[in-house]
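Please treat every number below as a calculation from the coordinates, not as lab data. Note that the structure is predicted; figures quoted are calculated from it, not measured. No Cβ is skipped: glycine too gets one built from the backbone with ideal geometry, and neighbour counts run over all protein chains shown.
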Amino acid sequence: MKEYHANSIRNVALLGHMGSGKTSLAESVLFVSKAIDKKGEVEKKNTVGDFTPEEQSRQTTLSTALIPVEWKGTKINFLDAPGSEEFVGEMENVLSVADGAILLIDASKGVEVGTERCFEELRNKNIPTFIFLNKMDKENVKFDKVVSDVKEKFGKNVFEFTDANGELVIEGNDELTEKAAETSEELLDKYMENMELSLEDLNTGLKSSILTGDLFPVFVGSGLKNVNIDKLLDMVVAYLPAASDVEAKAVKEVATGKVIKRACKDDEATSAFIFKTTVDPFVGTINMFKIYSGTIKTGNEYYVQNIDETVKMPQIFSMMGKTQIALDQAFAGDIVAVAKLPELQTGYTICDKKTAVQFDAIEYPTPIIYYAIQPKQKQDEEKISAALQKLSQEDPTFEFKRNAETAQLLIGGQGGTHIGYILEKLKNSFKVEVGLDDQKVVYRETIRGKTDQHGVQGKHKKQSGGAGQYGDVWVRFESFDGDFEFAEEVFGGSVPKNYFPAVEKGLKMALEKGPLAGFPVIGVKATLTDGSYHPVDSNELSFVLAAKLAWENACAQGTSGKRVEGPVIKPAILEPIMELHIIIKDEYTGAVMGDMSKRRGRILGQDSLPGGKTEITAEVPEAEIVKYAIDLKAMTQASGRFSRKFLRYDPVPEEKVKKIIEENHA
Ligand SMILES: Nc1nc2c(ncn2[C@@H]2O[C@H](COP(=O)(O)OP(=O)(O)OP(=O)(O)O)[C@@H](O)[C@H]2O)c(=O)[nH]1
Ligand SMILES: [Mg+2]
């Protein structure tokens, strides 16, 4: 591979709805540019992208592939991302480094949910965008209809650059000429003089219009049949920004904390950003990064502020799917990769030590669905955490955690497909097979009411042989707005001060497992009011045990059903309440709200968003939304999305208590 510098590098994301043909297009650009001499097909499982067994079995992209193409002296780094919205983390990675994008549309279908989602993201990030109407070889395609669909959905800045056959139609288009003229004073003057622009001026104007996101050109072709792909490559070179054309990315200077910008030039200090990490048990860790400024040379030393370490750069390479193409050095603007640096990962900055900088990490959505897993083979227990650790390093939208209270090992992700992929990777790459369970909701227990003023007694006494044990306390329990509070009103030294901490400790231990279903107890105030001690036999342990007894006795009063003199406390179960932000197309508002009320949810707000969308804010018990990611998808034809966060604990309705106790009581 030749050496390329910023002005002859294009970094282009391939985005679009699932199955719109991104991976096939990537294969086609490789073939047309003669990087490969035999063209693979997704259906034959022999493409350069989609090289993992998981991708091949599903015939869909799950992990971004770099597709470098050399075309007429320019290097185009295509990034072929997954179309599935559950792999949004990959899209975030790609968008963090792309200087331009090709948004693919399956012309036989028109604008789909995923098309809109990608377009929205591209606009949020202001990334210059081409629209490629793919699959034009199919019989039922109506070019004009698709174009008007695109214009209707994406607005008046959408312009055909070609006709249905791929012939350029920009010259002589008055609207386009005006658009180009508006981009600079010089062009405007020229235009006002003759009411036309030379082709060169027109192209200059169009390019800047595309760069600012004021123009989305439409092209047509077929990746599968290699139709118009050479033209598309010409257009990418002509109209999409070079790495040096886009505004420099802000970066924090470590020494001063100031946010600065480094020009995309080889003679600047080096700064590079890792946007994707893959961890494979055989190939090891591969980090893909974009060089924002300076150069990176195999064998040189660089600094990584995120872990405060200097690393010697192993062999760097370009990647074509899984094939590594070794490079001695790479220059500002390029996207390359390196293996054998397992201490580095997505979000880290590589730079010169003397002038250290750090880019902001990418923001990812947090998991919206959790499952519990357990290894099928007992001896895999240890292997599994190492494997999960590696998988989460690759994929920041995936999370795993051990829940101490339910003893479940939980994995969280962006939906059923995403979770399925994680399980398949565990099996294929790490040879660990696991069983899947629903996530158990983590409840809390609490008390209602108050014992009488003097409290409830707990007395621990053991005086058979050897040293005796003696502790005696009276504790008043009452419900409280907070987790736990301990107080004392001991009069006249009935319990010596030095035993107070033991009493508090005993109570805290007792509250770890509630009386109803064994969940931690919160919302309790305990006041030590009275007690007695023994000058020889009393010790700390005795008071710890006495305090536990006091709690148990207090709970027994409240649950025994026997008549007890005076006021009692009543144990109760609390459930986690989550706040959801749900974004859906307006047409689904009724269905989603209705469904929410069936789930015991409460709507807190409903806001209109641009593009015919509605955001619903609701609070709902977690127990009712364990599989909401899957249900919302079904309800909205995969167009809805949501985020969730924990809000608070609320009492469980009476009719649910019995079932929770049955399910959880050990
Ligand atoms: N007729 C026709 N079929 C195509 C064309 N491009 C892709 N396909 C088919 O469409 C299907 C999906 O193609 P992919 O290239 O895997 O699409 P993708 O956008 O990468 O899909 P995801 O990775 O799942 O998002 C495959 O069966 C392809 O053969 C095309 O230009 N014409
Ligand atoms: Mg694909």
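I need Cys351, Cys555 ordered by Cβ neighbour count within 10 Å, fewest first. Kindly include the intermediate steps, with their values, before the conclusion.
Values: Cys351 27, Cys555 23.
In increasing order of surrounding Cβ atoms, one gets Cys555, Cys351.
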Next on the checklist: Using the Cα centre of the stretch 446-561 as the reference point, and only Cβ charges (+1 on K/R, -1 on D/E), how large is the resulting charge dipole? Debye, rounded to the nearest 20.
Outcome noted: 280
Checklist entry - Tell me, what HN-Hα J-couplings in whole Hz come from the Karplus equation 6.51 cos²θ - 1.76 cosθ + 1.60 at θ = phi - 60° for each residue of the stretch 502-512, using x for Gly and Pro? => result 5, 5, 4, 4, x, 5, 4, 4, 5, 7, 5
Checklist entry - Can you work out ³J(HN,Hα) from phi for every residue in the stretch 213-219, in order, using Karplus 6.51 cos²θ - 1.76 cosθ + 1.60 and θ = phi - 60°, giving whole Hz and x for Gly and Pro? => result x, 9, 8, 10, x, 10, 10
Checklist entry - So which trypsin sites (Lys or Arg not before Pro) in the stretch 39-146 pass both tests, a DSSP loop state and at most 15 other Cβ atoms within 10 Å of the Cβ? => result Lys45, Lys72, Lys125, Lys138, Lys142
Item to check | Estimated vicinal HN-Hα couplings, Hz - the stretch 364-380 in sequence order (Karplus 6.51, -1.76, 1.60; Gly, Pro = x) | outcome: 10, x, 8, x, 10, 8, 10, 10, 9, 10, 9, x, 6, 9, 4, 6, 7
Item to check | Total lysine pairs under 12 Å (Cα atoms) in the stretch 369-440, excluding pairs fewer than 8 apart on one chain | outcome: 5
Next on the checklist: Tell me which chymotrypsin sites (Phe, Trp or Tyr not before Pro) from the stretch 237-326 have a DSSP coil assignment and no more than 16 other beta carbons within 10 Å of their own.
Outcome noted: Phe282
Next on the checklist: Test of the criteria: in the stretch 251-287, which trypsin sites (Lys or Arg not before Pro) are in a DSSP loop and have at most 10 other Cβ atoms within 10 angstrom of their Cβ?
Outcome noted: Lys258
Checklist entry - By a straight-distance test (C-alpha under 19 Å), which lysines pair with Lys252 as possible cross-link partners, with residues fewer than eight away in the same chain excluded? => result Lys261, Lys265, Lys290, Lys353, Lys354
Checklist entry - Counting other C-beta atoms within 10 Å, which of Ile274, Ile369, Ile522 has the fewest, and how do the rest follow? => result Ile522, Ile369, Ile274
Item to check | Extension gain (nm, one decimal) between Asp328 and Lys461, 0.36 nm per residue minus Cα-Cα | outcome: 40.0 nm
Checklist entry - Can you pull the semi-axes for the chain, root of five times each eigenvalue of the Cα gyration tensor, sorted largest first, whole Å? => result 61, 29, 24
Next on the checklist: Taking every DSSP beta bridge with both residues inside the chain, roughly what % is antiparallel (nearest 5)?
Outcome noted: 80
Checklist entry - How would you rank Ile350, Ile577, going from fewest to most other Cβ atoms within 10 Å of each one's own Cβ? => result Ile577, Ile350
Checklist entry - Which order, highest average first, do 508-517, 11-20, 191-200 follow once you tally other Cβ atoms within 10 Å for each residue and take the mean per peptide? => result 11-20, 508-517, 191-200
Item to check | Candidate lysines for bridging to Lys39, where Cα separation is under 21 Å - those fewer than 8 sequence places away on the same chain excluded | outcome: Lys22, Lys72, Lys75, Lys135, Lys138, Lys225, Lys231, Lys322
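Per DSSP H run of n ≥ 4, the term is -39500 (n - 2.57); total these for the chain, divide by its residue number, and report the mean residue ellipticity at 222 nm rounded to 500 deg cm²/dmol.
On the way: 16 runs with 183 residues, N = 666.
That calculation yields -8500 deg cm²/dmol at 222 nm.
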Next on the checklist: I need the shape label for the stretch 369-440. Rule: rounded when a/c is under 1.5, else prolate if a/b > b/c, else oblate, with a, b, c from the alpha carbon gyration tensor.
Outcome noted: rounded
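For the stretch 130-177, just say rounded, prolate or oblate: build the C-alpha gyration tensor, square-root its eigenvalues into a ≥ b ≥ c, call rounded for a/c under 1.5, and beyond that prolate if a/b exceeds b/c, oblate if not. Can you show the working numbers first?
On the way: a/c = 2.36, a/b = 1.34, b/c = 1.75.
Because a/c hits 1.5 or more and a/b fails to exceed b/c, the stretch 130-177 counts as oblate.
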Checklist entry - Under 24 Å from the Cα of Lys585, which lysines turn up, not counting those fewer than eight places away in the same chain? => result Lys109, Lys125, Lys145, Lys151, Lys153, Lys156, Lys598, Lys613, Lys627, Lys633, Lys645
Next on the checklist: Using amide H atoms built in the peptide plane, which far-off residues or other-chain residues are under 5 Å from Lys613 H to H?
Outcome noted: Asp586
